[in-house]
Amino acid sequence: MPDSVNSLLQMYPSSIIYEHVQREDGSKEVVFGLREELKRIRQLGLAPEVEFRPGVIDEYFVMLMPVFIRLGPLSRESLFLTWINAHEPEGMETLRLLAAQPAIRLEIYAERAEPELSLTIPNPDQQFLSNVILDMEAARPWTAQQFETAKILLFQRRPTAMDIWWSI
């Protein structure tokens, strides 16, 4: 994730980004970068409990796709939330890559450009993601502004990441 690490390090702890990364064999994969406090990373240990959890929420004909990574026992602090907009330039490619990946790579950063912890977890949602691709292809396209407006409307009803977690 070399292209995105500097941006991630400027973000607050509990931030998450994803990037398409070239593998040694020439194929691509989606890698998630998480920003967390060093103290919390150390508390988690070398093999923390981790969950990858994508979902879909239809919000006024816009299909919002929250993607959660839970790092440690379920709590407000353990949830990292990002969004995939299928109708942005790389959105469908991101979904196709995730649907094809048997494992998800996570790189967890604190204050330096090297990950404090790198994890690879099984992708339990390949079939779900394949189905999402079909649904997104069949859906009426939306603009980036419509996507952001739909997220705002969702947050008005479900104001926290934990509220959204329980709804997917």
Output yes when any residue across segment 30-49 is open to solvent by 20 Å² or more (accessible area, probe 1.4 Å) and closer than 23 Å to residue 132 by Cβ, and no when none is.
no
Give the number of residues within segment 135-168 that are touching a Pro at 6+ places or on another chain (Cβ under 7 Å) and among the basic types (Lys, Arg).
0
Give all pairs with beta carbons closer than 6 Å in which a residue from segment 73-91 that is on the phi < 0 side of the Ramachandran plot meets a residue that is open to solvent by 30 Å² or more (accessible area, probe 1.4 Å) and assigned to a loop (DSSP other than H, G, I, E, B); count only pairs at least 6 apart in sequence or on separate chains.
87/141
What number goes with the only condition from (1) closer than 15 Å to residue 17 by Cα; (2) touching a Phe, Trp or Tyr at 6+ places or on another chain (Cβ under 6 Å) that residue 110 does not pass?
(2)
Subset of segment 27-52 (residues that are closer than 15 Å to residue 101 by Cβ and of a type outside the set (A, V, I, L, M))
27, 28, 29, 32, 52
Among the listed residues 89, 115, identify the single one that is assigned to a loop (DSSP other than H, G, I, E, B) and closer than 18 Å to residue 9 by Cα.
115
When only residues in segment 50-67 that are among the hydrophobic types (A, V, I, L, M, F, W, C) and over 19 Å from residue 156 (Cα atoms) count, which is least open to solvent (accessible area, probe 1.4 Å)?
52
Filter segment 16-47 for residues that are among the small types (Gly, Ala, Ser), under 15 Å from residue 117 (Cα atoms) and at pLDDT below 95 and give the result.
45, 47
Filter segment 50-68 for residues that are part of a strand (DSSP E or B) and more than 15 Å from residue 129 (Cα to Cα) and give the result.
50, 51, 58, 59, 62
Any residue in segment 6-31 that is touching a residue at least 40 places away in the same chain (Cβ under 8 Å) sitting within a Cβ distance under 6 Å of a residue that is among the small types (Gly, Ala, Ser)? List the pairs, counting only those 6 or more apart or interchain.
8/33; 17/4; 17/33
Output for segment 92-106, where each listed residue is open to solvent by 20 Å² or more (accessible area, probe 1.4 Å) and assigned to a strand (DSSP E or B):
103, 105
Of all residues in segment 116-163, how many are under 24 Å from residue 97 (Cα atoms), open to solvent by less than 90 Å² (accessible area, probe 1.4 Å) and either under 17 Å from the mean Cα position of the chain (by Cα) or among the aliphatic types (A, V, I, L, M) (or both)?
19
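The values are calculated or read from the model by the stated rules, or taken from the named source; none is laboratory data. A quick note: this is a predicted structure, and the numbers were derived from the prediction, not measured. Cβ: placed from backbone, ideal geometry, glycine included. Neighbour counts: every protein chain shown. Only protein heavy atoms, including side chains, enter the accessible area calculation; ligands, DNA and RNA are left aside. Shrake-Rupley method; radii C 1.70, N 1.55, O 1.52, S 1.80 Å.
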